[in-house]
Amino acid sequence: MAGSRMKLELSRVVQGRSRLGVLKGLGRTGEHSLEVPGCLLHTHVGTVPHLTQDTLHTLSNLPSVTQVTLSNIAEHQDVLEEFKDGFRKFAGLHDTVLYCSLHDPATPCPTGYTTNKTVSVWGSGGRIELTVAKFMALQKTVQPDWYQSMADGETWQNNTSRKRVRKSVDRTLAHLDECLLVHQKSQELEGVEMFGVVEGGDILEERVRSARETAKRPVAGFCLDGLQTGSMDRALRTQLITAVTKELPEDKPRLLQGVGRPDEVLACVEAGVDLFESFFPFQVTERGCALCFSFDISPDPELAGRAPHAVLGLDEERDTAGETQQNGDFNLDDQTQMTSFEINLKDKRYQDDFRPLVEGCGCYCCKNHQRAYLHHLLVTNELLAGVLLMIHNTAHYHAFFGALREALANDKLDLLKRRVLRERGRQT
């Protein structure tokens, strides 16, 4: 918005693209902030999967921004309208900034359901078609602090024609203009921020056009859409993001949708991305796996004031795993498949492994339980398995972002990349 309270204050720009700073002025009163590079808190209908609010808040250093999605909320519009006090109070959320996106990044969306005037979201009851009027009515009902504008994002498939990509950019800009018009006239959305969405598929000219035109509008920041894992070659994605960020103002944040793998996060930060969605720990948990990649860059962890985030015996374990390959092949572009940054605790090798998931990790799971116990919970289908894994995976993932910011602050990004990418190299 023209008088946006949200401001990105950069403290460093490393190697011309990677940005370190703080996003300030978040929330209706502007008292919240978020460090960048950073990520949002992924939720399903306002709740982090498997965790109650009390359990969640046993974790430290959680992001101040909670992500909810219209795909999960739209079917509850009537109830929320009757409730009247907004989704944050409805869901019993703690003090947090509420960000509302269109789609759930952890759930694939069917394509082929957009028109010139509508987009579709998919809830538990099926497809819900949204016009700009309905989309904006939902935002007034949800009462977020910040939301993305309506967008035609169905051009991420690699066989999409140039004509269809151009139409996607045109539609998204038209939707943005309509959303802005309603927003500026709405008393209910006073003090709420809107992000414009950059589309363009895999076509450089359309990406640049979308970014350039969106930057002309009075938006608080930008969502980079259609670049999710598996949508295109990684080198092409990096090229597109680099070109897009050159067209965007330096003082507004860039949020990348649909990318969560640690190696991809690092590449996208180097291309100029500030914010990510934290759906990756949930996907890992649903596979019955635990994040275990190393990202410690401190020569002396005690002096650095934090426990070493290293995996006990990880090198030897991964070498052994590489010989038997019990965990299957690794498809780098399939979000449903196990990655090299995690271990599969359903595997029999863990039934008598009495080590913590990650040596030095301070989460409740690692301090109180062993791999063998998690294996037992998983093979007996106990609900506690998901709770403990989600606690650990959430803690580990957010600690990785802390290490990323530390690396940028101390000129150790190359060292962090070697630490993180070494894990992938051992499995590929």
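The values are calculated or read from the model by the stated rules, or taken from the named source; none is laboratory data. Quick caveat: nothing in here was measured; it's all calculated off a predicted structure. Please note: Cβ atoms are built from the backbone with ideal geometry, for glycine as well, and neighbour counts cover all protein chains shown. Quick note on the areas: whole protein, heavy atoms, side chains included, nothing else; ligands and nucleic acids left out. Shrake-Rupley method; radii C 1.70, N 1.55, O 1.52, S 1.80 Å.
General remarks:
- Here region 117-134 and region 350-428 have alpha carbon centers that stand 37 Å from each other.
- Local net charge near Gly125, Cβ-Cβ under 15 Å (Lys/Arg +1, Asp/Glu -1): -3
- The chain, accessible surface, carbon-and-sulfur percent (1.4 angstrom probe): 48
- Each peptide in 216-222, 185-191, 226-232, 129-135 receives the mean, over its residues, of other Cβ atoms within 10 Å, and ordering these scores from highest gives 226-232, 216-222, 129-135, 185-191.
- Protection proxy ranking of 237-246, 109-118, 73-82 - average other beta-carbon atoms within 10 Å, highest first: 237-246, 73-82, 109-118
- Summing +1 for each Lys or Arg and -1 for each Asp or Glu among the other residues whose beta-carbon sits under 10 angstrom from that of Tyr99 gives -3.
- A cut-off under 11 angstrom between Cβ atoms defines the neighbours of Gln77, and their net charge, with Lys, Arg +1 and Asp, Glu -1, is -2.
- Residue-wise HN-Hα coupling along region 93-110, computed from phi with Karplus coefficients 6.51, -1.76, 1.60 (Hz; x: Gly, Pro): 6, 6, 4, 8, 8, 9, 10, 10, 9, 7, 10, 7, x, 8, 10, x, 9, x
- In this structure the amide hydrogen of Cys292, modeled in the peptide plane, comes within under 5 Å of the amide hydrogens of Glu342, Ile343, none closer than 5 places in sequence on its chain.
- When only the Cβ of Lys, Arg, Asp and Glu is charged (+1, +1, -1, -1), the dipole of the chain relative to its Cα centre reaches about 900 debye.
- Rounded Å value of the spacing that divides the Cα centres of region 175-254 and region 1-72: 18
- Greater than 24 Å apart at Cα, pairs in Lys24/Lys167; Lys216/Lys246; Lys134/Lys167: Lys24/Lys167
- Take region 39-277 with all the other protein chains still there, run a 1.4 Å probe, and you get 38 Å² of accessible area per residue.
- Folded to 0 to 90 degrees: helix 314-324 orientation relative to the chain principal axis, Cα: 90
- For the pair Val13 and Asn410, the difference between a 0.36 nm per residue extended length and the Cα-Cα distance amounts to 141.7 nm.
- Accessible area per residue was computed with a 1.4 Å probe on protein heavy atoms; Trp156 scores about 80 Å².
- Computed [θ] at 222 nm, helices only, for the chain once each DSSP H run of length n ≥ 4 contributes -39500 (n - 2.57): -11500 deg cm²/dmol
- Those Cys residues of the chain for which no other cysteine Cβ falls under 4.7 Å: Cys39, Cys100, Cys109, Cys179, Cys223, Cys268, Cys289, Cys292, Cys363, Cys365
- Share, in percent, of DSSP beta bridges within region 39-277 that are antiparallel, nearest 5: 25
- Taking one quarter of the surface of the C-alpha convex hull of the chain gives a mean projected area of 19.7 nm².
- Summarising the amide proton neighbourhood of Leu98: residues at separation of 5 or more, or on other chains, whose placed amide H is nearer than 5 Å comprise Thr66, Asp145, Trp146.
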